[in-house]
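Contents: one structure, followed by commentary.
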2 protein chains.
Amino acid sequence: MATLQDIGLSAAINILSVLAFLAAFAFLRLQPLNDRVYFPKWYLKGLRHSPTKSGAFVSRFINLEVGTYLRFLNWMPAALKMPTQEIIEHAGLDSAVQVRIYLLGLKIFVPLTLLSLLILVPVNVTGERLESTDDIQYSNIDKLSISNVPRGSQRFWVHIGMAYIFTFWTFYVLYQDYKTVADMRLRFLASEGRRPDQFTVLVRNVPPDPDESVSEHVEHFFSVSHPDQYLLHQVVFNANELADLVAKIKKLQNWLVYYQTKHERKPAKRPTTRKGLFGILGTKVDAIEYYSNLIEKLTKDENEVREKILSDSKAIMPAAFVSFKSRYGAAICAQTQQSNNPTIWLTEWAPEPRDVYWSNLKIPYVELTVRRLLVAVSLFFLTFFFMIPIAFVQSLANIAGIERVLPFLKPVIETDAVKSLIQGFLPGIALKLFLLALPTILMTMSKVEGFASFSSLERRSASKYYLFILVNVFLGSIITGTAFEQLDSFINQPPTEIPKTIGVAIPMKATFFITYIMVDGWSGIAAEILRFVPLATYHLKNTFIVKTEKDREHAMDPGCLSFATSEPQIQLYFLVGQVYAVITPILLPFVLVFFAFAYMIFRHQIINVYDQKYESGAAFWPDVHKRLIIGQIIAQLLFMGLLRTEKVNQSTPLILVLPILTIWFHKFCKGRFESAFMKFPLQDAMVKDTLERATEPNLNLKIYLRDAYVHPVFKGGTPFDRPPVMNEEEISPLVATRRTSHRGSATPSDTISEAEDFICI
Amino acid sequence: MATLQDIGLSAAINILSVLAFLAAFAFLRLQPLNDRVYFPKWYLKGLRHSPTKSGAFVSRFINLEVGTYLRFLNWMPAALKMPTQEIIEHAGLDSAVQVRIYLLGLKIFVPLTLLSLLILVPVNVTGERLESTDDIQYSNIDKLSISNVPRGSQRFWVHIGMAYIFTFWTFYVLYQDYKTVADMRLRFLASEGRRPDQFTVLVRNVPPDPDESVSEHVEHFFSVSHPDQYLLHQVVFNANELADLVAKIKKLQNWLVYYQTKHERKPAKRPTTRKGLFGILGTKVDAIEYYSNLIEKLTKDENEVREKILSDSKAIMPAAFVSFKSRYGAAICAQTQQSNNPTIWLTEWAPEPRDVYWSNLKIPYVELTVRRLLVAVSLFFLTFFFMIPIAFVQSLANIAGIERVLPFLKPVIETDAVKSLIQGFLPGIALKLFLLALPTILMTMSKVEGFASFSSLERRSASKYYLFILVNVFLGSIITGTAFEQLDSFINQPPTEIPKTIGVAIPMKATFFITYIMVDGWSGIAAEILRFVPLATYHLKNTFIVKTEKDREHAMDPGCLSFATSEPQIQLYFLVGQVYAVITPILLPFVLVFFAFAYMIFRHQIINVYDQKYESGAAFWPDVHKRLIIGQIIAQLLFMGLLRTEKVNQSTPLILVLPILTIWFHKFCKGRFESAFMKFPLQDAMVKDTLERATEPNLNLKIYLRDAYVHPVFKGGTPFDRPPVMNEEEISPLVATRRTSHRGSATPSDTISEAEDFICI
């Protein structure tokens, strides 16, 4: 059992490491050399330029002004100063709302922490149960927790009352925040400029017609069923093969550029490569010639495939983007059922063009339901049985296994140092590798489920990741044994026993979670701001590849806030806070520090660094809300289980009221707000249409929408068309640069690679 | 344990009683005297008239033709002969589809019965487990069941294979039937004539506006948001008080008529009544005068209230019926969200005018969610704790209790005969009374939940009733003890133990369910066709009240198929069949006989007797389908539990596949068909509009719709306006009467009483 001193020591170590990270960051960010690593957002917006033209040579790379170092923490107030409205305009609503989750954590937990420390801790400390029993090992931490209250004591009523206060306070904050976010979203949608997706509906499962092509069929159907509103449509080509080819060419071109640069630097020696695997095996050839030839050949192939797709009617998928004359028309078509067969002519709001996940548009209805079944079953196995393949790999990775497969390594392995390294690290590395690969695995599963936009894919992945964390990290930490063993013991226990089993274990694990919060939360977040990996890659690229200013822009990697991975992790902190609020209140300050620190750091990051790849208008908030509700219910059930083991059985019905109220509260909020995140009300569409007609009477919508939803590979070399949404009218107080107006090609992003894998992990 | 002989005897008794009922029915229905009891449907349709004008006096009342008695079962083929399409036109789609549920039972169970008897029974009989053990009492029935297969025997694989075959066959039949019913519904909606609800949307939660009345607000809102389609609207008056008053007057008028008739028959003596309770207590007065005065006074009140409602703006509820120029416009408005606040301007398809439950239209959103919570909680208590109030009443109704409350009854009660009567019957009667009142209680709960149409109220009640039957009849019969005790034991058992506990008990209860099917199913259904209660009331009314032909029409009580009570009861038979199909196959023939018999009888009843009060277009089918799926899953889980006790543990994963597949199948069907029961596709709306515009170019829709949704009390004495939907173009092969065309006032139903309580229980 960790004592208060242990925790204090651990806290000191973590605080020191956090301070070291922050100091390093404060130093590095002031160097002009690293400007593109720590302020890429401003470069992308065109508000900041490389400091190459003016000043002394050295000061271009290193900051020599001593005064700036003294104010090394001044980025913190600066990060907090920017008002929300400006953040929304600067970084988009998604980012602004995602940072808001940390603020929500503060709103929930600050009053709870005060209350708990003022009321619960004195009640617990004076319980004197642990002091009166000699046989139990206990720590100072336990004396502050509910474990110190004697069995069947009347003091538990204080805890029960507190559980009620906590629940209602959480309801209040959650309700207010759902309302605020819904308002923000509606205001955001109302204020944003014209975008193709406002006028467009994605139609899937176009039924085959023996006499007409897909394009004709779509046109006829919508001209009949929406005669006044139908404007035009764009069919979707099955360009997956072409996209693969283009991606391959791009990769080869990268290599070519690499070798050309190498050659330019050392003109004496022509660079060589090998034909085989990874350029390591195979015969040696002249690298530049080799890649030039390859690219030429593939480009010819590409043109052939491109021709074939455009001429072949079979390459047209049974899906289309149908655009309407007004937002009103699109809103109606997206919300209504078109055909009496509900599995064909399925309409939904079109995602933003850059948000479309093209490969999934063609999946027919029956296949979709089969895919969802398969993914659900595999998610179950992944969550509860993930240790089995890991254990298998680990068993292969042990010494005997390696010796069997690669007998010539035997003398090396048998040395003590290597042996202990293999035995100590390999199993851990196998697990670590799996956990690193997990988000990708979950994203792949979501892709198999057939969602049509990256934003929905991210939301689905986040749900899966949350389940995994809940089962394997939260429950897995409380109860020993693998998730599968837990599952087995759960289904062989009465339902009332499960909260008891976990409830008993919970107070004992408080110190573990405190340490976890400090290591993973505090230090992890501080490491985030240092951006070690982008820093290293930027300088490597800068040294070896970058020749022109454009290259330097490519070398810059702003990264983004990934909802699929970061949100479930925040939820774990919420869950720990909710569970321990009544049980071990001393844990709450640690959670609070995490939320406050993370809020500041991520606010700074979205202002200066991250560049979001799409904008969903905070469509993920219902998920966040739902998971907070789940956490609340888990906390209540575990508290109930704990009290039952403490012989306060008569309290069960009293606490059982809480989860019922919570479920009701969830339903209430769902009915009240959720549709603001799903549907687009006619009234708002009408207002926007009317306004637009008045301000731009001569707008030719047909031209505007004609090429909006063309598969990126058909856009050729032109930069990916980003609609100018949030770039206008922004005020930027943090960077004193001349405000410039810029539309269109603000981002130097490429076409294919972006469409293929711009989800950052 | 019941033996085959016991079952045979019981079957013989039940078959005899069924035959007796049928013979009585065959005799009674041939008497002209009872014509209005057994053929009211044809009277209501105007295709049959009282045989009072022609023939000898006696033959007006009693059938003297001997030949007709010899063909006393000829109604059976006649009932089966009418094709489905004609039944739909004659009795409506709701009735036709409800009878189809019995047919579905036959489709599922006929092949299963054959397979089970041919394969499972031989496998069971040759198991010889029961013969080899002496200590267990067993019956012949058990020898035919799975109980006769030795523990851990390989024979169980036959049962598992059969469970798979059963599941897939059920899938096939359910899928086909869902498809057929969905098609029937779409065809029905497409073919039916013009009805006000096709053009109308019910708008609830109209927000208050300080400057405008509700009516103006609605008009402005929809003229702006649906400018091309909005036609007119009708506000909803809060006429509950008025409706009560009208109902009261109607009741008094009935009494007046009664005494007037009495006076006419015996002119010498003026009838008297007493002023107090039920006309028993209080001072004696002249009855005719008393009631005339009362009616006069109340009519004056009524007129005042009527004036007040029409002039008072507070009497207008925040709800309205908004009508559009086309079905297309209404379909769009019903399916889209109007305002960005999803709790105001809620639109949904308007129910048929006669289907509207007026009292519920005014409930605001927050109140609605609170009501649903309260009803959900009370339903839980009603289902699991219903024995507690019953036991309380029973304890009051025992001898000591009565003596305490009414001490003067002591000498009477203490006699042996009365004593045994009270002790033997009162507790049973208390339970019986509760069960009789149950559908009313459930309907009241559904009304509290705030649904706006009778059809949805019935569907909700049916769900509640199903839960009650499942817990208290099905599980209650298998496991002894009250539902609450079961609940308690379930939550204190591991989830895997529950199917085991029930699974073990199931084979032993087979004889109980066989008897239940014969008594409740066979004889109950046969009693249904006799219509004893309507027969008795009709003749009583005929003797004492009826003076004119119109009175006789009022005395006729056609009744109706009540979805809320009958469907959950059918589901019980399905459930029993599904559960026992693999376990005790000998039960299946009894279920089969029930389905076949009930199908015939109810087909006869909907053709000749029942008069449905509204038409929902089989909107209940998704519920029926869902409950069959639930039954299937219960059967699979119980089978799994049974096999685990039989030490065939390795079969668990194999059977666990079945419920997962079943859930997936349900989701698949839901996605495939459900929206056909919820939404009205734009394509179909368009087709109907276009057709109507071509055939009736001069139709004035405004006049047609103007008064369609007026609260029935404001329609005064005119007969309730029934839209002429299914009365046209019907062919009636069963009754050789001249075909007449009739629109509008075909039903002599009254306004208030119908709107208030036309749900038959």
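In the set (1) touching a Phe, Trp or Tyr at 6+ places or on another chain (Cβ under 8 Å); (2) modelled with pLDDT of 85 or more; (3) aromatic (F, W, Y), the condition left unmet by B:F544 is number (2).
Tell me, which helices (runs of 4 or more DSSP H) lie completely within the range B:23-111 with 2 or more residues that are modelled with pLDDT under 80 and of a type in the set (F, W, Y)?
Numbers: elements: B:35-38, B:40-44, B:66-70, B:75-81, B:84-91.
Answer list for the range B:23-111: B:40-44.
Restricting A:A190, A:A268, A:A243, A:A239 to those that are at pLDDT below 85, among the small types (G, A, S) and over 28 Å from the mean Cα position of the chain (by Cα) reduces the list to A:A268.
Scanning the range B:610-660 for residues that are more than 22 Å from the chain's Cα centre (by Cα) and of a type in the set (V, I, T) yields B:I633, B:I634, B:T645, B:V648, B:T652, B:I655, B:V657, B:I660. The residues of the range A:598-627 that are at pLDDT 90 or above and surrounded by fewer than 23 Cβ atoms within 10 Å (Cβ to Cβ), listed by number, are A:Y599, A:P622, A:D623, A:H625, A:K626, A:R627. The single condition among (1) at pLDDT 75 or above; (2) closer than 29 Å to A:L438 by Cβ; (3) surrounded by fewer than 19 Cβ atoms within 10 Å (Cβ to Cβ) that A:I422 does not satisfy is (1). Scanning the range B:666-718 for residues that are among the hydrophobic types (A, V, I, L, M, F, W, C) and away from chain A (no Cβ under 14 Å) turns up B:A694, B:L699, B:L701, B:I703, B:L705, B:A708, B:V710, B:V713, B:F714.
Quick check, is B:T273 of a type in the set (S, T, Y) and in contact with an Asp or Glu (Cβ under 9 Å, 6 or more places away or on another chain)? Explain how you work it out, then say what you get.
Numbers: of a type in the set (S, T, Y): yes; in contact with an Asp or Glu (Cβ under 9 Å, 6 or more places away or on another chain): yes.
Considered against the rule, which asks whether it is of a type in the set (S, T, Y) and in contact with an Asp or Glu (Cβ under 9 Å, 6 or more places away or on another chain), B:T273 comes out as yes.
Evaluation of B:K550 against the conditions (1) over 29 Å from the mean Cα position of the chain (by Cα); (2) modelled with pLDDT under 75 shows that the sole unmet condition is (1).
Could you check, for the range B:577-591, whether at least one of its residues is more than 19 Å from B:T511 (Cα to Cα), in the same structural domain as B:I108 (by the TED database) and of a type in the set (A, V, I, L, M, F, W, C)? Checked against the condition, which is being more than 19 Å from B:T511 (Cα to Cα), in the same structural domain as B:I108 (by the TED database) and of a type in the set (A, V, I, L, M, F, W, C), the range B:577-591 yields no hits at all.
If you take the residues in the range B:355-364 that are under 20 Å from B:P342 (Cβ atoms) and surrounded by 17 or more Cβ atoms within 10 Å (Cβ to Cβ), which one is nearest to the other protein chains (Cβ to nearest Cβ)?
As a first pass, look at the range B:355-364 and keep what is under 20 Å from B:P342 (Cβ atoms): B:360-364.
Cutting the leftovers down to surrounded by 17 or more Cβ atoms within 10 Å (Cβ to Cβ) gives us B:360-363.
Numbers: B:N360: 17, B:L361: 18, B:K362: 18, B:I363: 13 Å.
Ranking the qualifying residues of the range B:355-364, first place goes to B:I363.
State all residues of the range B:368-388 that are more than 9 Å from every other protein chain (Cβ to nearest Cβ) and touching a residue at least 60 places away in the same chain (Cβ under 8 Å); if no residue qualifies, say none. Steps first, please.
Kept after step one, since they are more than 9 Å from every other protein chain (Cβ to nearest Cβ), are these residues of the range B:368-388: B:371, B:374-375, B:378-388.
Residues satisfying the conditions are B:R371, B:L374, B:V375, B:S378, B:L379, B:L382, B:T383, B:F384, B:F385, B:F386, B:M387, B:I388.
Of all residue pairs spaced 6 or more apart or on separate chains, those with beta-carbon atoms under 6 Å, a first member in the range B:516-534 that is within 16 Å of B:M600 (Cβ to Cβ) and a second member that is of a type in the set (G, A, S) and crowded, with 18+ Cβ neighbours inside 10 Å are B:I525/B:A598. Candidates in the range A:343-354 are the residues that are within 24 Å of B:F673 (Cα to Cα) and out of contact with any strand residue (DSSP E or B) (no Cβ under 7 Å at 6 or more places or on another chain); of these, the one that is nearest to the other protein chains (Cβ to nearest Cβ) is A:T343.
The values are calculated or read from the model by the stated rules, or taken from the named source; none is laboratory data. Everything numeric in this text was worked out from a predicted model, so none of it was measured. With ideal geometry, Cβ positions are generated from the backbone for all residues, glycine too; neighbour counts draw on all protein chains shown.
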